[in-house]
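Visitor: Structure below; questions to follow.
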Amino acid sequence: MNIIKKLMSAALIAGIAFLSVIQNAQAQTVSKGIKNVVLVHGAFADGSSWEKIIPTLQAKGFNVIAVQNPLTSLEDDVAATKRAIARMDGPVLLVGHSYGGMVITEAGNDPKVKGLLYVCSLVPNDGQSVGDVTSAFPPGPGSAEFQKDASDFLNLSSKGIHEHFAQDLPAKDRSVIYATQTPWAVKATITKISTAAWKTRPSWFIIGLEDHMVPVDLARAEAKMIKATTLELKTSHVPMLSQPDKVAAFIIRAAGEL
């Protein structure tokens, strides 16, 4: 009887030990990946570009900051992004939309940044400006709708918003985007970055197949250049507003792979 009790006790101890190993492994799987996400908007926009993404990420336990770029210069936008990175406790996935791709390629050299995710973005190489990046391919039709004011800031025309920037959104949403757009300083388009952060960090890229601002051929060439994990969506220039669930899922996937 004592022998049976000892065997049963040994089996119980072994079972508890095995269960502990499984639970520890599961805990490691759950905790794997980055929990800090910094979202960087592009030209003519602000942090509300990410309003449909943020609640999904927060519900999954992510710490999220949407940068409010002033769009007054590339240097100012990089500084604003770096301040957001500094607020995060731990490693960061940096996400940039459109011109925000220029910003995260420079700001992404911050040691906290472990990965870069581009959404319909402009992606420079070392020493390139917006003009350098866009000159590689014929411009998208949306670029013809840039309007420069007397202070050397650019706005996007009503036609540009409705037909080329966010053409797959409801009309009332397009009208709000037009009314709330943030002017973009011309000098931000000619300033060159220093060193491209994607050379030392893994990258992801969302391509909009109906993007009239960053042409598909340019986006595909950029994604190939940076060896990005790529997702192509049938969307306008603003997939985070037109297909937020797919964009959020891609961000979550990228964070989990870091």
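Visitor: Looking at the range 84-109 only, could you name the residues that are in contact with a strand residue (DSSP E or B) (Cβ under 8 Å, 6 or more places away or on another chain) and either over 30 Å from VAL216 (Cβ atoms) or surrounded by fewer than 24 Cβ atoms within 10 Å (Cβ to Cβ) (or both)?
Guide: Result: ALA84, ILE85, ARG87, MET88, ASP89, GLY90, PRO91.
Visitor: Looking only at residues in the range 50-61 that are buried (at least 16 other Cβ atoms within 10 Å of the Cβ) and under 14 Å from the mean Cα position of the chain (by Cα), which one is nearest to GLY33 (Cα to Cα)?
Guide: LEU57
Visitor: Next question, about the same structure. Go through the range 50-66 and report how many residues are in contact with a strand residue (DSSP E or B) (Cβ under 6 Å, 6 or more places away or on another chain) and either of a type in the set (Gly, Ala, Ser) or touching a residue at least 24 places away in the same chain (Cβ under 8 Å) (or both).
Guide: 7
So that you can scan it fast, the table gives a plain yes or no per residue for (1) farther than 23 Å from SER158 by Cα; (2) under 11 Å from the mean Cα position of the chain (by Cα); (3) at pLDDT 95 or above:
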position: ASN63; (1), (2), (3): yes, no, yes
position: ASN69; (1), (2), (3): no, no, yes
position: VAL78; (1), (2), (3): yes, no, yes
position: THR81; (1), (2), (3): yes, no, yes
position: LEU94; (1), (2), (3): yes, yes, yes
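Visitor: Answer yes or no: is there a residue in the range 176-187 that is in contact with a helix residue (DSSP H, G or I) (Cβ under 6 Å, 6 or more places away or on another chain) and either on the phi > 0 side of the Ramachandran plot or at pLDDT 95 or above (or both).
Guide: Yes.
Visitor: Separate question: When you scan the range 146-258 for strands (runs of 3 or more DSSP E) that lie fully inside it, which ones turn up with 2 or more residues that are buried (at least 18 other Cβ atoms within 10 Å of the Cβ), over 17 Å from the mean Cα position of the chain (by Cα) and in contact (Cβ under 8 Å) with a residue 40 or more places away in the chain?
Guide: 153-156
The values are calculated or read from the model by the stated rules, or taken from the named source; none is laboratory data. None of the values given here were measured: they were computed from a predicted structure. Positions of Cβ are backbone-derived with ideal geometry, glycine not excepted, and every protein chain shown enters the neighbour counts.
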